[in-house]
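Here the structure is laid out as C-alpha cells; the discussion comes afterwards.
The values are calculated or read from the model by the stated rules, or taken from the named source; none is laboratory data. Values in this document were obtained by computation on a predicted structure and should not be read as measured data. Backbone-built Cβ (ideal geometry, glycine too); neighbour counts: all protein chains shown. Only protein heavy atoms, including side chains, enter the accessible area calculation; ligands, DNA and RNA are left aside. Shrake-Rupley method; radii C 1.70, N 1.55, O 1.52, S 1.80 Å.
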Amino acid sequence: MHKTTITYKKSGVDTNNTNKLVHFISKLSKKTKIKGSNVKGFRNIGGFGSLYDLSKEKIKNPILVTSTDGVGTKLEIANKLKKFDTIGIDLVAMCVNDLIVQGAKPIVFLDYIAIGKVTNEKYKNILKGIAKGCKESSCYLAGGETAEMPGIYENDKFDLAGFAVGIVDRKKILDGSKVKDGDALIAIPSSGVHSNGFSLVRYLLKKKKLINNKKILRQLITPTKIYVNEILNLHKKKLINAACHITGGGLIENLPRILPEKLSIKLNLDKIKPHRIFSFIHNSNVNQNEMLKTFNCGVGFCVIAPKRNIQKIILSFGKTNKPYVIGSVIRKSGKKIILSGKIKF
C-alpha cells in the first residue's frame, strides 16, 4: 500500500512561501537604514541576530533604553475593514513613543508577527506599515520573526508585537527629577484612540450593533501618532523637564509615573480637546472617570515644562497638532492628580 508522505506544508505551514518573502522584507529594511545599521560583512535580514554599530552615534556616555509593546485588539478593527497597511505604524508608535519619554532616540526596531496562515498581500501590507513607522521615527527595521501557527490563529486572526531600542546620553536622560512646582502641563494632541481601550470600544460597537459600521471603523483604524521628531527636538533645545506617553490607563494613571515625590498635577479637564470619536464613546454610557482611565481622550502625549517655555514649545509644532496647556505642577503630597472641571465631549 502506498503511504502518503507527511510534510510540514500539509499541517498548514508553508515555509517556502515565507522564505520567499525574506527578499521583500530586506527591501523594506534597506529603506529604513540609518548610520549605525551598516556593519561591514554582516547582513541583518536572514541572519540569526541583528547588529547595530553604536560607535556611529558618538555619544560619550551612552545608555540603552528598551521598550516592547503590541497593538492589542485594534487588530480586530483591521480585520473587519480588511485594511492592514497602517496597523504596523501603530506597532512602531507604541514602542518608540515610550522610548522618547526618557529622551532616548530610537535606533533599532524588531517585529514579531504571529498568524494562522501567511497570505502575501495581507502580510506585505502589515510590513509596509511597520517600515513606514520606522521611517517616520528614523528607526532601523533590523529584523523580526514570523510565526505561522494554524490551529492557534484561525479565521484570519493574527497578533503583532514590537521591540525597540533607543539611546540617550546618561546626562540627558529625562527622568522627571527637574520637574518643579509651577511647571506647566502641556498636552500634545492624539490622532484618535491610538492603540488602547479597543476591547471596550468593540464591546460598545457590538452592543449598539455598529460592529460593521465602516464610517466608525475607519475613524478607529487611524494610526497612532508618532511623536519622536517633535519631542526629541524639544529635549535637544532643553525646553522640557519631563514627558509622558498617554497609553493604557489614560491621563489618570500615566501622569503620576513621571512625577517626583511631594509634587502633584492640577489637571484642568475643561481645557482638553477631545476628538469626535471620544464623544461617541462617552455618549455610549461611558462616564468621564472611565474615559480618563481608559483612553487618551484627545491627548496622546504630554510634556512638563517651565512656564517661560510654553510659547516656544507651541511654536515648534506646525499649524496642526498644536500643543496646549491643560494643567500645572503643584507642591502636594499624597494624591498625584487633582481634577477640576469637566471634559466637553
Provide the per residue accessible area, probe 1.4 Å, for the chain, rounded to a whole number of square angstrom. 51
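What 222 nm value per residue comes from the helices of the chain, counting each DSSP H run with n ≥ 4 as -39,500 (n - 2.57) and dividing by all residues, nearest 500 deg cm²/dmol?
My calculation for the chain gives -8500 deg cm²/dmol from helical runs alone.
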For the chain, share of DSSP beta bridges that run antiparallel, in % to the nearest 5: 75
Under 5 Å, built H, 5+ apart or other chain: amide partners of THR32: LEU141
Could you grab the relative contact order for segment 43-104? Cα pairs under 8 Å, six or more apart, rounded to a whole percent. 36
Need the full-extension length gain, LEU81 to ASP181, defined as separation in residues times 0.36 nm minus the C-alpha distance. One decimal, nm. 31.3 nm
So what are the ³J(HN,Hα) numbers for segment 265-281, from phi and the Karplus equation (6.51, -1.76, 1.60; θ = phi - 60°), rounded to whole Hz, Gly and Pro as x? 10, 8, 9, 8, 5, 4, 7, 5, 10, x, 6, 4, 4, 6, 5, 4, 5
In a Gaussian network model over the chain where Cα atoms closer than 10 Å are linked, find which of THR320, THR146, THR18 has the largest mean-square fluctuation. THR320
Relative to a virtual label point 7 Å from the Cα of LYS335 in the Cα→beta-carbon direction, which members of segment 242-266 show backbone nitrogen distances below 19 Å? 250-266
The chain - percent relative contact order, Cα under 8 Å, separation 6 or more: 21
Integer Hz, Karplus 6.51/-1.76/1.60 couplings in order for segment 193-204, x for Gly and Pro: 6, 6, 9, 9, x, 6, 5, 5, 4, 5, 4, 5
Ranked from highest to lowest mean number of other Cβ atoms within 10 Å per residue, what is the order of the peptides 158-169, 329-340, 22-33? 158-169, 22-33, 329-340
Heavy atoms only, probe 1.4 Å: what % of the accessible area of the chain goes to carbon and sulfur, would you let me know? 51
ILE167's amide H: which non-local residues (gap 5+, or another chain) put their own amide H closer than 5 Å, with H modeled 1.01 Å from N in plane and none for Pro or chain starts? VAL65, LYS105, ILE107
Lys/Arg +1, Asp/Glu -1 at C-beta; segment 244-345 dipole; positive extreme among SER333, LEU255, CYS297: SER333
